[in-house]
Amino acid sequence: MIRLTTACVGLVAFGGAQRPLLAQRAPPPELPPTVAESSQFERTATSAEVEAYVDRCVAASPKLARLSMGKTTQGKDLPLVLVADPPVASLAAARAKAAATKKPLVFVMANIHAGEVEGKEAVQILLRELARGEHDELLAALTLAFVPDYNPDGNDKLDRKSRPDQAGPNEGVGQRANGQGLDLNRDFVKVEAPETKALLAAVDALDPVLVMDLHTTDGCFHGYDLTYAGIMHPACDPQLLEFTRATLLPKVQAAMKAKGFATFDYGDFDDNAHPEKGWSSFESKPRYGTNYFGFQNRLTLLSEAYSHAPFAERVKSTRAFVLTALEFARDHAAVLLALRADADARGRALVTSAPSVNLPTRGEMAKTRDDDVLVGTVRAEKDPVTGLDHMVTTHDSHAVRMPVSVTFDGRDDQPLSRAYVVAKPSDRLLDLVARHGLSSERLAAARRARVRVFANAQRTESKRPFQGHALATFTGSDAERELELPAGALVVPTDQPRSRLAFVLFTPTSDDGLGTWGALGLEPDAAGSRFEALQLLEWK
């Protein structure tokens with residue numbers, strides 16, 4: 001008996017006629033190496049080279065579609081690539097397909113800090129592999145969106161002196177800031193950069209269950225290929241926080257270990273000279289994308305490749321981390337969809353779930369556990385052009401037992417209001433509310449209400465500007481009053497999925513709210529001054 005396999009190409013005679021028995025498979029498209037690969041990882045791609053490479057991948061497979069999220073300050077395109085089977089050609093189509101087929105959407109962005117180029121290069125490699133059909137099993141369960149170069153303006157300011165102690169690429173990397181001089185990973189509350197505006201619109205349109213943000217460390221000498229984090233602010237949905245800590249991060253770490261990669265919670269040594277004193281994470285504030293998208297009831301993953309590993313190794317570990325996260329999403333697709341839907345429902349019902357709901361306005365880093373942390377060693381390699389030293393791992397490390405602080409306890413709890421009301425909203429505030437995806441309304445006519453007022457308030461500004469702002473903090477005390485709210489007043493109700501986001505943005509004592517960045521302030525009051533955002537208790 002002759003066995004016909006999928007490798008056979010042929011026409012067989014049957015009843016005197018010829019017809020195809022099996023469709024002929026086209027060979028995988030030939031796609032060239034990336035700029036990094038072809039230069040033996042001496043170079044990283046310019047934004048134009050990224051776009052050209054993305055276009056070649058898209059042309060090679062109908063499963064890939066290139067869109068534009070928008071433009072940068074300098075007018076460069078922000079390419080976004082959708083990958084799906086069957087294909088989709090728009091954000092709306094991708095969202096509809098994900099909902100109809102129960103294939104959750106995962107959003108992966110790279111190069112938010114354009115000196116940290118591993119994600120950009122890893123995403124290009126993954127797009128090539130997806131175009132060649134190498135990960136079709138992922139597309140059977142997921143819809144994917146990739147932003148390979150989120151900061152093209154910063155990317156193209158290539159300089160050998162940028163991040164000089166990083167272990168390559170030797171021909172230089174871009175700068176951290178965008179074309180406005182803003183750190184895009186500090187812009188998620190104030191939303192000033194065109195890149196941030198475009199990103200928030202794209203994420204809202206796609207409605208992903210998981211958002212990944214790919215970075216590189218800033219100098220700590222540890223012994224890991226890559227470190228990671230998820231959402232951390234204690235005011236985020238508690239079940240999402242618990243799933244992140246108990247399931248998502250441990251399973252991804254275990255899967256990376258099985259692939260030969262050492263990973264750990266993102267952080268730095270409290271004292272580099274005495275690492276045994278402790279290992280601590282970064283801030284829990286929503287200005288960071290990983291925390292911000294948690295307030296949208298989405299799971300998040302931050303990837304931090306080890307800056308002192310050779311460039312090729314950093315790309316390899318970042319690619320593996322993205323694939324591992326996608327495999328986790330594939331294996332837990334139904335769970336992720338249910339988690340997000342349940343978090344949305346809890347957010348909508350939160351304000352009515354108890355007589356009074358209090359949420360923390362800030363997080364305080366807490367000791368999570370004692371653990372063995374790998375302390376690494378490096379050697380110096382002098383750049384022959386700049387004379388500056390690259391610090392390169394020796395791949396030697398030793399474990400040191402120390403306190404590990406990578407979670408946050410809630411502090412300064414405040415009540416969640418039925419709604420937040422601003423009597424005379426500025427155009428900037430109205431724009432921010434819309435960009436944060438918060439439902440709101442304007443009063444058609446004046447209306448009396450009982451409100452909680454943050455009165456006798458004082459505003460203190462930071463002495464040094466940060467991201468172009470003197471950051472504000474507010475002190476005062478709450479008092480209940482009955483007021484007439486004018487026509488045109490802005491009302492942001494909290495019986496909506498993003499109630500926790502509304503809380504952290506509008507609460508006066510929030511450590512990273514709209515008031516922090518000058519979008520809310522103080523207005524004259526008979527007793528002195530009051531915070532502009534009133535907390536609605538009931539309509540009269």
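Quick notes on this structure:
- Single residue of segment 326-344 satisfying the filter (loosely packed, with under 15 Cβ neighbours inside 10 Å and either touching a Pro at 6+ places or on another chain (Cβ under 8 Å) or acidic (Asp, Glu) (or both)) that is nearest to ILE125 (Cα to Cα): ASP331
- Among residues of segment 337-368, those that are under 18 Å from ILE231 (Cα atoms) and touching a residue at least 12 places away in the same chain (Cβ under 8 Å), counted: 18
- Residue list for segment 442-451, filter: over 22 Å from LEU432 (Cβ atoms) and assigned to a strand (DSSP E or B): ARG447, ARG448, ALA449, ARG450
- Residues that are part of a strand (DSSP E or B) and acidic (Asp, Glu) within segment 456-496 comprise GLU461, ASP478, GLU480, GLU482, GLU484, listed in sequence order.
- Some residue of segment 240-249 being in contact with a Phe, Trp or Tyr (Cβ under 6 Å, 6 or more places away or on another chain) and modelled with pLDDT of 95 or more: no
- Annotation note: of PRO152, PRO148, the sole residue that is within 28 Å of ASP85 (Cβ to Cβ) and crowded, with 24+ Cβ neighbours inside 10 Å is PRO148.
- Those helices (runs of 4 or more DSSP H) of segment 83-172 in which 1 or more residues are of a type outside the set (Lys, Arg), touching a residue at least 60 places away in the same chain (Cβ under 8 Å) and more than 20 Å from THR72 (Cβ to Cβ) occupy 91-101, 118-131, 136-139.
- Residue within segment 179-196 that is of a type outside the set (A, V, I, L, M, F, W, C), at positive phi, buried (at least 20 other Cβ atoms within 10 Å of the Cβ) and in a loop (DSSP other than H, G, I, E, B) present: no
- Looking across segment 157-178, the residues that are farther than 14 Å from GLU118 by Cα and either crowded, with 21+ Cβ neighbours inside 10 Å or hydroxyl-bearing (Ser, Thr, Tyr) (or both) come down to SER162, ASN178.
- Within the option set TYR224, TYR228, being in a loop (DSSP other than H, G, I, E, B), aromatic (Phe, Trp, Tyr), surrounded by 22 or more Cβ atoms within 10 Å (Cβ to Cβ) and assigned by TED's automatic domain parsing to the domain that holds SER303 holds for one residue only, TYR224.
- Test: SER477 is surrounded by fewer than 21 Cβ atoms within 10 Å (Cβ to Cβ), of a type in the set (Ser, Thr, Tyr) and farther than 25 Å from THR352 by Cβ: yes
- Some residue of segment 395-407 being over 22 Å from ARG245 (Cα atoms), surrounded by 19 or more Cβ atoms within 10 Å (Cβ to Cβ), of a type outside the set (Phe, Trp, Tyr) and touching a Gly at 6+ places or on another chain (Cβ under 7 Å): no
- Hey, ALA17 under 29 Å from the mean Cα position of the chain (by Cα) and either farther than 23 Å from ALA131 by Cβ or at pLDDT 95 or above (or both) or not: no
- Scanning segment 193-247 for residues that are out of contact with any Asp or Glu (no Cβ under 7 Å at 6 or more places or on another chain), among the hydrophobic types (A, V, I, L, M, F, W, C) and within 18 Å of PHE408 (Cα to Cα) gives ILE231, MET232, ALA235, CYS236, LEU240, LEU241, PHE243, ALA246.
- Subset of segment 307-325 (residues that are crowded, with 21+ Cβ neighbours inside 10 Å, under 20 Å from the mean Cα position of the chain (by Cα) and either more than 17 Å from THR227 (Cα to Cα) or among the small types (Gly, Ala, Ser) (or both)): SER307, SER317, ALA325
- Tabulated pairs, segment 478-501, first of a type in the set (D, E, K, R), second part of a loop (DSSP other than H, G, I, E, B), C-beta under 7 angstrom, 6+ apart or interchain: GLU482/LYS540; GLU484/ALA446; ARG498/GLY437; ARG498/LEU438; ARG500/ALA235; ARG500/CYS236; ARG500/ASP237
- Checklist (1) hydrophobic (A, V, I, L, M, F, W, C); (2) under 25 Å from the mean Cα position of the chain (by Cα); (3) under 24 Å from LEU359 (Cα atoms) applied to ALA455, failing item: (2)
- One residue from PHE503, PHE454 being touching an Asp or Glu at 6+ places or on another chain (Cβ under 8 Å) and either within 23 Å of THR361 (Cα to Cα) or assigned by TED's automatic domain parsing to the domain that holds LEU199 (or both): PHE454
- Checking each residue in segment 489-540 for being buried (at least 18 other Cβ atoms within 10 Å of the Cβ) and acidic (Asp, Glu) picks out ASP511, ASP512, GLU532.
- Residue check, THR73 over 29 Å from GLN180 (Cβ atoms) and surrounded by fewer than 24 Cβ atoms within 10 Å (Cβ to Cβ): no
The values are calculated or read from the model by the stated rules, or taken from the named source; none is laboratory data. Just so it is clear, the structure is predicted and the values come from calculations on it, not from any experiment. Note that we place each Cβ from the backbone using ideal geometry, even for glycine, and neighbour counts take in every protein chain shown.
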